[in-house]
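Here's the structure, in structure tokens; my notes come after.
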Amino acid sequence: MIKIANATKIYENGSRGIQDVNLTIEKGEFVFVVGLSGSGKSTLIKILLKELDLSEGEIFINEENITLYGKNQIPYLRRKMGVVFQDFRLLPNKTVYENVAFAMQIADASSREIRRNVPTVLSMVGLQKKSKAYPNQLSGGEQQRCALARAIVNNPPILLCDEPTGNLDPDTAWDIMNLLDEINNRGTTVVMATHAWDIVDAMKKRVISMKNGFVVRDIERGGYNNESLD
Ligand code: ADP
Ligand code: MG
């Protein structure tokens with residue numbers, strides 16, 4: 001469902017983001033992307049979101065070549081992909097409910113659908129009692145649960161996560177991981193960039209390791225295995 005072929009991203013200053021990456025990720029997979037800081041994890045996420053264009057190579061989503069998508073096709077692409085970042089990126093002047101509802105408004109949902117789906121997804125992430133709170137009234141874990149609710153409310157087939165537990169304490173990080181696992185078990189493809197080795201080791205999922213922009217290992221049910229990255 002996601003196919004990345006001979007993909008290279010070189011930034012304008014000459015930095016190598018990713019180099020000759022070839023990956024296929026099937027529908028419903030849960031994939032960790034690991035590697036040291038600067039190894040290309042975020043670049044990989046950004047090229048899937050079309051936040052960045054490739055220098056070389058191609059990307060297919062469901063057999064559809066998105067490499068040459070123009071700006072007007074990006075909203076359509078974003079409906080296929082939810083995304084969660086390390087720093088939550090909630091809208092500070094909107095409540096929990098409004099943050100999630102806004103993602104549906106952008107996707108042209110009707111107000112009836114919004115009234116139906118927002119409470120459902122908020123209760124899935126355990127935030128039903130916080131729906132009127134603003135982001136600065138929430139803990140880090142609650143903010144990330146809100147960001148996760150926003151990412152999945154339009155029911156995208158793919159969920160991309162860039163260091164989603166990076167700002168969270170270990171217990172809260174595991175709450176988020178359990179939610180990601182549940183979302184994946186409902187059929188959503190999850191791609192998660194992280195360097196949380198304890199989480200990667202415990203989850204026993206596919207692990208793609210990056211180094212200097214290259215994919216250096218790709219293991220079914222792997223672990224973090226720092227040794228391979230040195
Ligand atoms: P990671 O997420 O694994 O830490 P990144 O994808 O952010 O790695 O970075 C990969 C490489 O690309 C690094 O060498 C980094 O310095 C470089 N890079 C990332 N973003 C930019 C940018 N906007 N401009 C120039 N170089 C960048
Ligand atoms: Mg990064």
For the chain, with only Lys/Arg (+1) and Asp/Glu (-1) charged at the beta-carbon, what is the dipole magnitude about the Cα centre, in debye rounded to 20?
-> 880 debye
Taking the Cα centre of the chain as the origin and placing charges on Cβ (Lys, Arg +1; Asp, Glu -1), which of Gly141, Gln19, Ser111 is farthest toward the positive end of the dipole?
-> Ser111
J(HN,Hα) series, the stretch 207-218, from Karplus relation 6.51 cos²θ - 1.76 cosθ + 1.60, nearest Hz, glycine and proline x = 10, 9, 9, 10, 8, 6, x, 8, 7, 9, 8, 8
Over the chain, the sum of -39500 (n - 2.57) across DSSP H runs of at least four, divided by residue number and rounded to 500 deg cm²/dmol, gives at 222 nm -10000 deg cm²/dmol
Percentage relative contact order, the chain, counting C-alpha pairs under 8 Å, at least six apart | 28 percent
Taking only Cα atoms of the stretch 98-146, the Rg to Rh ratio with Kirkwood Rh works out at 0.97
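Checking the table Lys50/Lys94; Lys80/Lys130; Lys3/Lys41; Lys27/Lys204 against a 22 Å threshold on Cα-Cα, which pairs fail? Mind showing how you got there, number by number?
Values: Lys50/Lys94 26 Å; Lys80/Lys130 27 Å; Lys3/Lys41 16 Å; Lys27/Lys204 18 Å.
Pairs exceeding 22 Å: Lys50/Lys94; Lys80/Lys130.
Please list, by residue number, every one of the trypsin sites (Lys or Arg not before Pro) in the stretch 176-230 that is coil in DSSP and has at most 11 other beta-carbon atoms within 10 Å.
Working: sites: Arg186, Lys204, Lys205, Arg206, Lys211, Arg217, Arg221; in loops: Arg186, Lys204, Lys205, Arg221.
Counting only loop positions with at most 11 other Cβ atoms within 10 Å, the trypsin sites (Lys or Arg not before Pro) in the stretch 176-230 are Arg186, Arg221.
Looking at the stretch 2-158, what % of its DSSP beta bridges pair antiparallel, to the nearest 5?
Numbers: 13 of 14 bridges.
Antiparallel: roughly 95 percent of the beta bridges in the stretch 2-158.
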Cα principal axis extents for the stretch 58-184, largest first, Å | 41, 35, 25
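Given N residues in the chain, what is its alpha carbon radius of gyration divided by 2.2 N^0.38 Å?
Details: Rg = 17.4 Å, N = 230, 2.2 N^0.38 = 17.4 Å.
Its radius of gyration relative to the 2.2 N^0.38 Å reference: 1.00.
Values quoted throughout were computed directly from the atomic coordinates according to the rules given, and no laboratory measurement underlies them. Fair warning: this is a prediction, and the values are worked out from it, not measured in the lab. Cβ sites come from the backbone with ideal geometry, for glycine too, and all protein chains shown count toward neighbours.
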